[in-house]
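Below: one structure, written as structure tokens.
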Amino acid sequence: MTDFIYESELKVRFRDLDPLGHVNNAVYASYCEQARIEFFREAFDIEEVNTVLANIEIDYRRPIDGLGELTVALDVTEIGNSSFEMSYELRFDGDVVATASTVLVVIDPETTKPTRVPDEWREAVEELRG
């Protein structure tokens, strides 16, 4: 396991399951999104996150089969001028079931154009890293 700066505890819901009782592959992206939003609210103390998802990659290791608690750990792995990369580790029943990475672009809500990653976000990430 890698060190991550944030962990979110989520519930696997009945609606997440396919007819075979496994979590549908597309739901993994939703789990990452949910953890990411919680992270933004706590780490950056913001309600509105002005980012767009530019890229997502998910590597599935084993199916999540059934209901239960899921942990999504995440880290900000790189901060650029107007974008940043995040990595994720999804754990169920103590096993890593998937890893993922995303690239997010910060946008100006008025112009919808890319804008600089706020200095406060950079500082918050550094503070979380200690």
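The values are calculated or read from the model by the stated rules, or taken from the named source; none is laboratory data. This one's a predicted model, so the numbers in the text were calculated from it and none came from an experiment. Glycine gets a Cβ as well: all are built from the backbone with ideal geometry, and neighbour counts include every protein chain shown.
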### Task
Answer yes or no: is there a residue in segment 84-91 that is surrounded by fewer than 17 Cβ atoms within 10 Å (Cβ to Cβ) and at pLDDT below 95.
no
### Query
Hey, Ile58 hits all of (1) surrounded by 14 or more Cβ atoms within 10 Å (Cβ to Cβ); (2) out of contact with any helix residue (DSSP H, G or I) (no Cβ under 8 Å at 6 or more places or on another chain) but one; which does it fall short on?
(2)
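Would a scan of segment 113-124 turn up a residue that is under 25 Å from Val27 (Cα atoms), modelled with pLDDT of 95 or more and assigned to a loop (DSSP other than H, G, I, E, B)?
To start, the set of residues in segment 113-124 that are under 25 Å from Val27 (Cα atoms) comprises none.
No.
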### Message
Regarding segment 69-83, can at least one residue be identified that is exposed (fewer than 13 other Cβ atoms within 10 Å of the Cβ), closer than 16 Å to Arg122 by Cα and without any contact (Cβ under 8 Å) to a residue 24 or more places away in the chain?
### Response
yes
### Qualifying residue in segment 105-114 (condition: exposed (fewer than 12 other Cβ atoms within 10 Å of the Cβ) and in contact with a strand residue (DSSP E or B) (Cβ under 7 Å, 6 or more places away or on another chain))
yes
### Query
Which residues, counting only those in segment 17-57, are over 12 Å from the mean Cα position of the chain (by Cα), in contact (Cβ under 8 Å) with a residue 12 or more places away in the chain and in a helix (DSSP H, G or I)?
Glu42, Ala43
### Task
Determine whether Ala73 is under 10 Å from the mean Cα position of the chain (by Cα) and in a strand (DSSP E or B).
yes
### Task
Output the residues belonging to segment 1-16 that are under 22 Å from Val96 (Cβ atoms) and free of Cβ contacts under 8 Å to residues at least 60 places away in the same chain.
Lys11, Arg13, Asp16
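Based on what the data block shows, is Leu20 in contact with a helix residue (DSSP H, G or I) (Cβ under 9 Å, 6 or more places away or on another chain) and of a type outside the set (Lys, Arg)? Walk me through how you get there before you give the answer.
Details: in contact with a helix residue (DSSP H, G or I) (Cβ under 9 Å, 6 or more places away or on another chain): no; of a type outside the set (Lys, Arg): yes.
For Leu20, the condition - in contact with a helix residue (DSSP H, G or I) (Cβ under 9 Å, 6 or more places away or on another chain) and of a type outside the set (Lys, Arg) - is not met.
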